[in-house]
1. For Val330, what charge total do you get from the other residues with a beta carbon under 13 Å from its beta carbon, if Lys and Arg give +1 and Asp and Glu give -1?
2. Place a point 7 Å from the Cα of Lys73 along the Cα-to-Cβ direction; which residues of the stretch 18-49 have their backbone N under 14 Å from it?
3. With charges set only on the Cβ (+1 for Lys and Arg, -1 for Asp and Glu), what does the dipole of the chain come to about its Cα centre, in debye to the nearest 20?
4. If r is the Cβ-Cβ distance from Ala94 to Glu354 and R0 is 51 Å, what FRET efficiency results, to the nearest 0.05?
5. Would you work out the relative contact order for the chain, in percent, from Cα pairs under 8 angstrom that are 6 or more residues apart?
6. Give me the percent relative contact order of the stretch 289-373, please, defined on Cα pairs under 8 angstrom at least 6 residues apart.
7. Mind listing which chymotrypsin sites (Phe, Trp or Tyr not before Pro) in the stretch 322-383 are in a DSSP loop and have 15 or fewer other Cβ atoms within 10 Å?
8. Give the Kirkwood hydrodynamic radius (Å, one decimal) of the stretch 326-416, defined as one over the mean of 1/r across all pairs of different Cα atoms.
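The values are calculated or read from the model by the stated rules, or taken from the named source; none is laboratory data. All of these numbers come straight from a predicted model, not from anything done at the bench. No Cβ is skipped: glycine too gets one built from the backbone with ideal geometry, and neighbour counts run over all protein chains shown. Note: accessible area is taken over every heavy atom of the protein model, side chains too, but ligands, DNA and RNA are not part of it. Shrake-Rupley method; radii C 1.70, N 1.55, O 1.52, S 1.80 Å.
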Amino acid sequence: MSKIQKIKGFVDLFPEEAAKFTRMEQLARDTFSRYGFGELRTPVLEKTELFQKSIGEDTDVVGKEMFTFPDRKDRSLTMRPEATAGVVRAFIEAGVHQPGKVSKYFTFGPMFRYERPQKGRQRQFHQINAEVFGAPEAQADAELILMLRTFLNALGLTKLTVELNSLGCHDCRPAYRQALVDYYTSKDRGNFCEDCRRRMDTNPLRVLDCKVPACKALVADAPVITDHLCPECETHFADVRTVLDGAGVAYELNPRLVRGLDYYVRTCFEVASYDIGSQTAVAGGGRYDGLIKTLGGPDCPASGFACGMERLALLLDQLEAPAPDFYLAVVDASASNQAMLFAQQLRDKGLCGEVSFGSGSMKSRMRAANKSGAKVCLIMGGDELAGATVTVKPMTGDGEQETVSQADYLARIEVQE
């Protein structure tokens, strides 16, 4: 009988790798809470319409990459390809918006896109997201970038590049869009790839993001959005840069930077690393003021970012698990029950460690204790069971082996506390 294997693009994370994800989540909770963000958990399954309306039907995500299927009532459902749309849906549905109130949320969880699996990119991948609702000010965008940098630094990641751009607003972008179309027309549409020819009619800005070398060369001299910003967008973008400059955040202005989703306006940014191959972006985001209204909510400004956890994991050094406090070696089966109860008393006092099951030779037990990395090996056999004692063998330092009563050993821990 053939064995069942995992689906292509879906990955099992065993403890060594899962520890990196746990570390990211813990540091994100600690960091984001210092900026006034609270955790929101949303479903992984949503109505397909949510992503069609928010991301854009002409985007690659909606057109090519979503896991979409009908349910038993023939309703179209989709595994979420990104988090923001679901957070916005939850925000609208809960009716928590109040004029002048700023709401800040962060989320963790799996996303799903039908893409070609590669290093740092899977069909089920994980993101850390942060969203700010109700703040139109440039300072909200700058704070997101500062918070993102603080989080990445806490992970030990410092060799990063922040790329920054403004995509304008619904008032000034139409003129830029037309300037792009005129430029593309002058270059002969037939010279562009099939995707770019389609994007010229649906979202000309996305042509700037094409990775095909021929298309990249064709747009090298294309008009830049920063030459077409209205005064309000210019001021907004300048304020973002002023805060970042004051905080000492190094960034590069990239007028070719666009985001893959249609809902972005004004500020957009990416944080990149060049240590993991061609997929350099580890985080990105920006402002999406019209999205909440588009999805049936109030006209509420919003901005946010997403971190790809798989890509971040590639940049993290190999994590060393904290050394266990003890390894309790059972060398006589008669002591197994008492050993387990004594270990539980140690754990109740906050120590961590494991107990060997059954019995074994002293040599094999010491080999297991060494492998565990525990600070101390506790030995329990027939003699220790009879005398209510435990033999203590330090695994680090110059301490000597001794046998003490179990009660005295527990009392020592209370003194240390």
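1. -3
2. 47-48
3. It works out to roughly 1240 debye.
4. With R0 = 51 Å, the Cβ-Cβ based efficiency is 0.70.
5. Relative contact order, the chain: 15 percent.
6. Numbers: 78 pairs, mean separation 22.8, N = 85.
Across the stretch 289-373, relative contact order equals 27 percent.
7. Qualifying residues, ordered by number: Phe357.
8. Its Kirkwood hydrodynamic radius stands at 12.9 Å.
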